[in-house]
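J.: The structure that follows is given in the form of C-alpha cells.
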Amino acid sequence: MTGILLDKLVPFLDAELCLAEFAADESANGLQIEGGATVRKVGLAVDACEYVFQKAAEKGIDFLFVHHGLIWGGLNSVRGLIKKRIKALFDSEISLYACHLPLDCHPKYGNNARLLQLLSIKRMGEFGNYHGKNISYWGRSATELSLEEFAARIDTTLVTRSSVISFGKKVRTVGVISGGGWFAINEAEKYGIDTFLTGEHSHSAYTLAEEMKVNLIFAGHYATETPGVKAVGEALKKRFGLEVEFIDHPTGL
Ligand SMILES: [Zn+2]
C-alpha cells in the first residue's frame, strides 16, 4: 500500500496552500492534531466534528483535511466538547489538518476559484477585500443567463437549494464568496457585478443589493465550501497516489 510520511505531507500542504500569507486568520491553519507517522488514506470534510471523526475512523482514514478546524484563536483549555473531539482523534490516531481562509481564496484549489469553474463562469479578477486581502474572484458568463437558469445550475452542481432574490437583472457578471461573505456586496458596483453569490443568508445584504440592483443568491455555507477540500483531495491523489475520500456531512445551512 502506498503512503507518505506525515512529516513530508504537512510541509507540502503548508507551502502549496500558501499558509504563511494568512498569519492573521483566526483559524490555526495547518496541522492541528498529530496522528500516526504514515499517511495512507486521506479524508476530506468541511467541518471538524464528532460525526466526521467517527466516519473517518470507520473508513480507515489517517489524515483528515478540513476547512473548519478545531482551533480558532488559540486553545486555552482541553475540556468538555473539545476534549471529546480531540480524544476521538487521538484514539484513532488520525491527524487533523485545517485550512480556512487560504482555502477560500487559493487560485487553484480554493472554494471560490472552483465555484466559478464548476459554474462555467470565466474568472476575470479578484475581489472581496477581507482585512486588506482579496479573498475571492468575480467572473463572466459566456452568455447571458436568466437568474432561474443560473440558480438551477448552482443547485444541481452543489447539491443544494439556493435562496434567490431577484433585483431584475440577467446574469452575466458574477461575484462569488464562499461561506459567510455578504460583506463583499459593497464591491459589486466597482466590478459591474449583476449577481452576487455567497453561502450564508444575510439580512444586511438585502437593502444594499436592492439599491445597487444586484441579484442575491445564498447557496449555503456548507455547499459553497465543499469544492475546495475536494480539490485538495484530487491533488493529493494525483501527486502522491494516496487513497482519498470525501466525508459528506451537510448542514443544509
Ligand atoms: Zn466557512
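J.: One residue is enough: does the range 125-145 have a residue meeting the conditions of a type outside the set (D, E, K, R) and over 30 Å from Ala235 (Cα atoms)?
T.: Within the range 125-145 (the criterion being of a type outside the set (D, E, K, R) and over 30 Å from Ala235 (Cα atoms)), the answer is yes, since at least one residue qualifies.
J.: Six or more apart or on different chains, Cβ atoms under 6 Å: show the pairs whose first residue is in the range 174-188 and closer than 17 Å to Lys213 by Cβ and whose second is within 13 Å of the ligand (Cβ to nearest atom) and modelled with pLDDT of 95 or more.
T.: Sorted first by the residue in the range 174-188, then by its partner, the pairs are Trp182/Thr198; Ala184/Ile177.
J.: If you go through the range 74-94 one residue at a time, do you hit one that is away from the ligand (no atom under 16 Å from the Cβ), under 21 Å from Glu243 (Cα atoms) and in contact with a Gly (Cβ under 6 Å, 6 or more places away or on another chain)?
T.: yes
J.: Related question: For the range 223-253, which positions are crowded, with 23+ Cβ neighbours inside 10 Å, among the small types (Gly, Ala, Ser) and in contact with a Phe, Trp or Tyr (Cβ under 7 Å, 6 or more places away or on another chain)?
T.: Gly228
J.: Right, something else. What are the residues in the range 139-191 that are closer than 24 Å to His67 by Cα and assigned to a loop (DSSP other than H, G, I, E, B), if any?
T.: Once the filter is applied, which keeps residues that are closer than 24 Å to His67 by Cα and assigned to a loop (DSSP other than H, G, I, E, B), the range 139-191 yields Val159, Thr160, Arg161, Ser162, Ser178, Gly179, Gly180, Gly181.
J.: Look at the range 29-63 and say how many of its residues are away from the ligand (no atom under 16 Å from the Cβ) and in contact with a Cys (Cβ under 6 Å, 6 or more places away or on another chain).
T.: Summing the residues that are away from the ligand (no atom under 16 Å from the Cβ) and in contact with a Cys (Cβ under 6 Å, 6 or more places away or on another chain) in the range 29-63 gives 0.
J.: Now a separate question. Of the residues in the range 195-253, how many are more than 16 Å from the ligand (Cβ to nearest atom), among the β-branched types (Val, Ile, Thr) and either farther than 28 Å from Thr38 by Cβ or part of a helix (DSSP H, G or I) (or both)?
T.: 4
J.: Scan the range 136-164 for residues that are surrounded by fewer than 16 Cβ atoms within 10 Å (Cβ to Cβ), within 24 Å of Pro250 (Cα to Cα) and in contact with a strand residue (DSSP E or B) (Cβ under 7 Å, 6 or more places away or on another chain) and jot them down.
T.: Matches in the range 136-164: Ser163 only.
J.: Count, please, the residues in the range 154-194 that happen to be within 16 Å of the ligand (Cβ to nearest atom) and touching a Leu at 6+ places or on another chain (Cβ under 7 Å).
T.: Adding up the residues that qualify gives 2.
J.: Is it the case that Tyr206 is open to solvent by 70 Å² or more (accessible area, probe 1.4 Å) and either farther than 23 Å from Pro107 by Cβ or β-branched (Val, Ile, Thr) (or both)?
T.: In short, yes.
J.: Let me ask something else about it. Assess whether Gly220 counts as being crowded, with 23+ Cβ neighbours inside 10 Å and out of contact with any helix residue (DSSP H, G or I) (no Cβ under 6 Å at 6 or more places or on another chain).
T.: yes
J.: List the pairs whose first member sits in the range 51-75 and is farther than 23 Å from Pro102 by Cβ and hydroxyl-bearing (Ser, Thr, Tyr), whose second member is within 16 Å of the ligand (Cβ to nearest atom) and outside any strand (DSSP E or B), and whose Cβ atoms are under 8 Å apart, counting only residues at least 6 apart or on separate chains?
T.: Tyr51/His249
The values are calculated or read from the model by the stated rules, or taken from the named source; none is laboratory data. Note that the coordinates shown come from a computational prediction; the quantities given were computed from them, not determined experimentally. Please note: Cβ atoms are built from the backbone with ideal geometry, for glycine as well, and neighbour counts cover all protein chains shown. SASA here: full protein model, heavy atoms, side chains in, ligands and nucleic acids out. Shrake-Rupley method; radii C 1.70, N 1.55, O 1.52, S 1.80 Å.
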